[in-house]
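A.B. asks: Sharing a structure with you now.
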């Protein structure tokens, strides 16, 4: 249902000459395993930026994971969730690349 709605919006936008720019505006947030990019809120987030985020969350996690403070442990857990989510996305790209035949 949601995909049909997006297709309809894109079709109408295209007929009005707005094409891919309009489609990007209304496309759901998603991770493209072929390119390693995230499409979120009308933005394209590159693999490099994703790697920077992974590095940031990893360094923040390391800074506070060992502290003997409940609040710090909770923040460390949030950083760990972010790190793992990014790892799952990046690993899916790496696995997808390995499955493709080399030319």
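A.B. asks: Roughly speaking, what is the stretch gain from residue 74 to residue 30, that is 0.36 nm per residue apart minus the C-alpha to C-alpha distance, in nm to one decimal?
C.D. replies: My answer for the length gained is 13.1 nm.
A.B. asks: I would also like to ask the following. Taking the number of other C-beta atoms within 10 Å as the exposure measure, put 88, 75 in order starting with the fewest.
C.D. replies: Working: 88 10, 75 17.
Ranking 88, 75 by Cβ neighbours within 10 Å, fewest first, gives 88, 75.
A.B. asks: Need one number: nm distance between label points at residue 66 and residue 3, each 7 Å from Cα along Cα→Cβ, rounded to one decimal.
C.D. replies: 4.8 nm
A.B. asks: What is the distance, in nm, between label points placed 7 Å from the Cα along the Cα-to-Cβ direction at residue 43 and at residue 87?
C.D. replies: 2.5 nm
All of the numbers you see were taken from the coordinates with simple rules; none came from a lab. Just so you know, these numbers come straight off a predicted model, no measurement behind them. Reconstructed Cβ throughout: ideal geometry from the backbone, glycine too, with neighbour counts over all protein chains shown.
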